[in-house]
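> One structure, as structure tokens, below. Some questions next.
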Amino acid sequence: MSTNIFAREHKIQAQQTRVSYYFLLPALLFFVVFVALPMGMGVYTSFFKYTMSEFKFIGIDNYLNLFKDEIFVRSVKNTLIIVVGSVPIVTIFSLWLATIIYNMNSFSRSFFRAVYYLPVVTGSVAVVVVWKWIFDRYYGILNFVLQGLGIINKNVAWLGQVDTAIWCILTILLTTSVGQPIVLYVASLGNIDRSLTEAAEVDGATSFQVFWRIKWPTIMPTTLYVVVITTINSFQCFALIQLLTNGGPAFSTSTVMFYLYHNAFKLFEYGYANAMGVVLAILIGVFSALQFKVMGNKIDY
Amino acid sequence: MDKAKLTPYRLISTLLLVAVSLTFIFPFYWIITGAFKTRDAIMAKIPEFFPSVWSMENFDKLFINPAWQWFANAVIVSFASMILVCLTASMAGYVLAKKRFAGRALLFSMFVAAMALPKQVVLVPLVNLVSSMNMHDTLWAAILPSVGWPFGIFLMKQFAEGIPGSLMEASRIDGANEWQTFVQIVVPMLKPAFGALAIFTFINTWNDYFLQLVMLVKRSNLTISLGVATLQGEYSTDYGLIMAGAALGAVPIVAIFVAFQNAFTQGIALGAVKG
């Protein structure tokens, strides 16, 4: 009798598994062919001298060469500057905006949310080409306005030199990065239990205390998520660089992603480019793991 | 209580909010007005904040290029990605949320790991792979790889977890098979998730640049964002022409976003905050 039940249960279980895989099959097929397989190929070929005409195993030479390659080192440095510059600003800026927006009436809330999402929706190409015009040395409105205000006295080639170009890049990156964090923060601030904050206020807590003691810990998971996705996106900064400065002048504004593209699709150094991809993935992995470690244990699940 | 007292902090931050908002709106405004400015107005010493003459010359120049073809390609690519993502993600997300089966935990952590990895890292091998399938420089090359990314599966799983098991139980007792249960019970319950994911995928694909850049080559195969980038490469300071292209690409997608804003923001908030 009881063995019967077990046998039956086993049969149901097997049947459930079979059905589940039928449903998973399409997604898995796409995932394996277009994500997992290329990932494996990327790692594998990073150990080869792999060009249009050559395919020869060379061990870790590609990796060794990377660190001797001045442009690559420069690209890593620029990428880190962009990440370290953008992540804190994006996080703080979007949290600040969200605290103002979230308790507005629903019309204003939707309106401002949409405003900050606008650059994301407009798309990276359109956003970058218009900013390029705004920054243009001769026809850009930025030079005109700043001269009118007396801040500068002759036109500046904002994109023509590294120290100003990196600020232009960060500015544009900021406008295209805060949209999603604001949406997330507005949602999670709106989910905070009103009775908690009200009780604290009745007890005489200042709004600053309410924020730090109640709201900040509650939205910690959102902050972690925002920090992680902003880091990943900043690491992969590409369209912005390619369309705004094309890595120039003389690769001084190149990022890892830009240099990877240059090697793969201009120089056809596939193996070398794939080694860069692996290094980039490791960098991103290390950063994300650190963020989880530092912020994750402050979260009450 | 929130109909707050007008403290100095509140006043200052509201003013700042408005100022910052203008900075975010300005580029879009500059695209639209720039698209209609004459070449003289764009080259003028004193920029026109508002066009004194509205001209179509930039659009005339734009359509010497196959801009409608680019537009149509973007529609095809975005639409196809949207359908495929919704279909595959809803099926996978449903069973991951509602069924207990061998390998479930492993599969799920595999999807999570892939989400955390930068997707552009695999583009070089992806191009080689797609070339070996004879799909390089076809629209398929810009569609199929984007379906493999598991974000949609997470979103669908989040929503599917909220479906009461008793509903599916009842449908089974009524004699429906698994597929009928999915189509008749689960899909209608997932409607908000479909809405959010569909808009999200459409906008993302429309604005994608890198994947399309490495996959599409022939001038007639480009999408609108690639086309605009090409124009920038060829006529670097003809800003009027470039803005006309940017406007053609941006205006429809912004209109779609504004129309579906609420479904969209709720969707990404739900998918991310809980996941």
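> Per residue of segment A:216-222, what does 6.51 cos²θ - 1.76 cosθ + 1.60 with θ = phi - 60° give for ³J(HN,Hα)? Whole Hz please, x for Gly and Pro, Karplus curve as stated.
Here the 3J(HN,Hα) series is 4, x, 5, 8, 3, x, 5 Hz.
> Same structure, new question: Pop a pseudo-label 7 angstrom from the Cα along the beta-carbon direction at both residue A:250 and residue A:146 and give the gap in nm to one decimal.
2.3 nm
> Rounded to the nearest 0.05, what FRET efficiency is calculated for residue B:46 and residue B:137 with R0 set to 60 Å and r the Cβ-Cβ distance? Numbers along the way, then the final one.
Values: r = 45 Å, r/R0 = 0.75.
Working from the Cβ atoms, E equals 0.85.
> Per the helix-only calculation at 222 nm, which mean residue ellipticity applies to chain B, given -39500 (n - 2.57) for every DSSP H run of n ≥ 4 and division by its residues, nearest 500 deg cm²/dmol? Walk me through the numbers on the way to the answer.
Values: 15 runs with 195 residues, N = 275.
Dividing the helical sum by the residues of chain B leaves -22500 deg cm²/dmol.
> Let me know the mean shielding of B:207-217 by other chains, meaning the per-residue number of their Cβ atoms within 10 Å of its Cβ.
On the way: counts 10, 4, 9, 7, 0, 1, 6, 3, 0, 0, 0.
Average per residue, whole number: 4.
> Taking Cα centroids, how far is segment B:7-32 from segment A:151-179 in Å?
Going from one Cα centre to the other spans 19 Å.
> Enumerate the residues in segment A:133-161 having an amide nitrogen under 20 Å from the point lying 7 Å beyond the Cα of residue B:22 toward its Cβ.
Those under the cut-off are A:134-135, A:140-152.
> Work out from phi, with θ = phi - 60° and the Karplus expression 6.51 cos²θ - 1.76 cosθ + 1.60, the ³J(HN,Hα) of each residue of segment A:28-44, listed in order in whole Hz, and give x for Gly and Pro.
5, 4, 4, 5, 5, 5, 9, 10, 5, 4, x, 4, x, 4, x, 5, 4
> Using the 2.2 N^0.38 Å rule of thumb for compact globular proteins, work out how chain B stacks up: its C-alpha Rg over that value, please. Let's see the in-between values first.
Numbers: Rg = 23.3 Å, N = 275, 2.2 N^0.38 = 18.6 Å.
Compared with the compact-globule rule of thumb, chain B sits at 1.25.
> Please report the spacing between the Cα centers of segment B:34-94 and segment A:206-274 in Å, no decimals.
Using only Cα atoms, the two centres lie 26 Å from each other.
> Could I ask something else about it? About the Cα centre of the protein assembly as shown, how large is the charge dipole given +1 on each Lys and Arg Cβ and -1 on each Asp and Glu Cβ? Please answer in debye to the nearest 20.
The calculation lands at about 620 debye.
> Mind giving me the FRET efficiency for residue A:157 and residue A:202? R0 is 45 Å, r the Cβ-Cβ distance, nearest 0.05 is fine. Provide the component values of the computation, followed by the final result.
On the way: r = 58 Å, r/R0 = 1.30.
About 0.15, to the nearest 0.05.
> Rank A:151, A:252, A:17 by how far each Cα sits towards the positive end of the charge dipole of chain A (+1 on Lys, Arg Cβ; -1 on Asp, Glu Cβ) and give me just the farthest.
Looking along the dipole axis, the top candidate is A:17.
> Can you give the average number of partner chain beta-carbon atoms within 10 Å of each beta-carbon in peptide A:172-180, as a whole number?
Numbers: counts 1, 0, 2, 5, 3, 0, 2, 3, 4.
Mean shielding count: 2.
> Place a +1 charge on the Cβ of each Lys and Arg in segment A:197-301 and a -1 charge on the Cβ of each Asp and Glu, then give the dipole magnitude about the Cα centre in debye, rounded to the nearest 20.
Numbers: 5 positive and 5 negative charges, 57 e Å.
That gives a dipole near 280 debye.
> From the phi of every residue in segment A:175-191, what ³J(HN,Hα) in whole Hz does the Karplus formula 6.51 cos²θ - 1.76 cosθ + 1.60 yield, where θ is phi - 60° and glycine or proline is x?
Taking θ as phi minus 60°, the curve returns 5, 8, 9, 8, x, 5, x, 5, 4, 5, 5, 4, 5, 6, 5, x, 8 Hz for segment A:175-191.
> Quick check: pseudo-label points 7 Å beyond the Cα along Cα→Cβ at residue A:191 and residue A:15, how many nm apart are they?
3.7 nm
> Could you bin all the Cα-Cα distances of segment A:155-263 into 10 Å bins starting at 0 and give me the percent of pairs in each, rounded to whole numbers?
Answer for segment A:155-263: a P(r) of 13, 31, 22, 17, 13, 5, 0 percent.
> Turning to a different aspect of this structure: Quick one: Cα centre-to-centre distance for segment B:198-262 and segment B:97-137, in angstrom?
25 Å
> Within 10 Å of each Cβ of B:104-110, how many other protein chain Cβ atoms are there on average?
Average per residue, whole number: 2.
> Let me ask another. Along the Cα→Cβ direction, 7 angstrom out, place labels at residue B:106 and residue B:63. What is the inter-label distance in nm?
It is 5.8 nm.
> If amide H atoms are built 1.01 Å from N in the plane of the peptide, which residues on other chains or at least 5 residues away come under 5 Å of the amide H of residue A:48?
A:58
> Can you give me the relative contact order of chain B as a percent, contacts being Cα pairs under 8 Å and 6 or more apart?
Details: 278 pairs, mean separation 86.0, N = 275.
So the answer I get is 31 percent.
Coordinate-derived values only; no laboratory data. Model, not experiment: these values are computed from the prediction. Don't worry about glycine lacking a Cβ; one is built from the backbone with ideal geometry, like all the others, and counts go over all protein chains shown.
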